[in-house]
């Protein structure tokens, strides 16, 4: 770990007056995806902690907004803020998530955010 | 005091979560992560929060197309116009690790209706909406809204036509959301104050639509417990 392990306030110091996730701006490098990209949610191991809901795994959606840079929740949960990633807001057709969603409501959608590691080009 | 006397309980019930909160808080204070004074200031700040600023933001957006554009593009910046500074408002000066400073205003259209949920826990834009209602935090709402949105909205009294796209927004990372509902007919010529009054908390979560004359959240049915707790007091 690059930072002092006992500095439990490092997050507060970094974010004060700037905000979180704003304090990670510029730290994630080039974004891999852009608005309109079709992506599939990867089914990565999620032992200990995740914020990537299981109901989205394997589903294909479309990126509607490249939202911010931040450490992935899976890292941040362990106070690891060394490798921020781009986050994306992805929209799915409900039918893609729930195959028996009624066809008469085929327009219905669901939107949620993912860190870059969870996405692959579809 | 006789041996048989039992002291009256000071509160009816202390839940496991309240005990857990006290234990963690006391440990954090002992460890010096924050002081008891910090905690008091935070609680006092939290008690000043409510849904009024978000309602005013919606009313302003209805009246001013430029402000609506700003609100949809940059919710944090637009919040300043209703007195909410996401970054410097909270005593921490950086939001909190659960109320991040990423805020999106979801604009409803006649063909798209947004509704917000946090399937993981209870993420909620508390800075601008205050504390979430109890039902918002229940597993029942969280797990059913993503799967059966139309049925859940119908339970709230909101039935939508099949050609309206219901967009459930699952708030499970750092962005917090409010819904900017459609301005209802019958409010032509209304002032910002009049419009603010009909934008209830439920409208801002997306489970209700504003209506002239309706200025409070609909009552939720409360069912008596099947197996009520008997404390023995």
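The values are calculated or read from the model by the stated rules, or taken from the named source; none is laboratory data. Given the structure is predicted, the values throughout are model-derived calculations rather than measurements. Every residue, glycine as well, gets a Cβ built from its backbone with ideal geometry; the counts of neighbours run over all protein chains shown.
Scanning region B:79-107 for residues that are over 18 Å from the mean Cα position of the chain (by Cα) and either over 11 Å from residue A:21 (Cα atoms) or more than 12 Å from chain A (Cβ to nearest Cβ) (or both) turns up B:80, B:81, B:88, B:91, B:92, B:93. The set of residues in region B:153-162 being farther than 17 Å from residue B:204 by Cβ and more than 7 Å from chain A (Cβ to nearest Cβ) consists of B:154, B:155, B:159, B:160, B:161. Look at region B:5-31: where a residue is closer than 19 Å to residue A:8 by Cα and a partner is assigned to a helix (DSSP H, G or I) and at pLDDT 80 or above, sitting 6+ places away or on another chain with Cβ atoms under 8 Å, you get B:25/B:39; B:29/B:36; B:29/B:39. Within the set B:59, B:28, the sole residue that is outside any loop (DSSP other than H, G, I, E, B), within 11 Å of chain A (Cβ to nearest Cβ) and out of contact with any strand residue (DSSP E or B) (no Cβ under 9 Å at 6 or more places or on another chain) turns out to be B:28.
Checked against the criterion of being out of contact with any strand residue (DSSP E or B) (no Cβ under 8 Å at 6 or more places or on another chain) and closer than 21 Å to residue B:177 by Cα, the candidates A:55, A:68 yield just one match: A:55. Counting only strands (runs of 3 or more DSSP E) wholly contained in region A:1-108, the ones carrying 2 or more residues that are over 23 Å from residue B:34 (Cβ atoms) and within 10 Å of chain B (Cβ to nearest Cβ) occupy A:60-70, A:85-93.
When residue A:120 is tested against (1) in a strand (DSSP E or B); (2) exposed (fewer than 15 other Cβ atoms within 10 Å of the Cβ); (3) within 8 Å of chain B (Cβ to nearest Cβ), exactly one condition is not met: (3). Selection of region B:62-107 for residues being assigned to a helix (DSSP H, G or I) and crowded, with 24+ Cβ neighbours inside 10 Å yields B:71, B:75, B:79. For region B:19-44, a residue qualifies if it is under 21 Å from the mean Cα position of the chain (by Cα) and either assigned by TED's automatic domain parsing to the domain that holds residue B:200 or loosely packed, with under 11 Cβ neighbours inside 10 Å (or both), and the qualifying residues are B:43, B:44.
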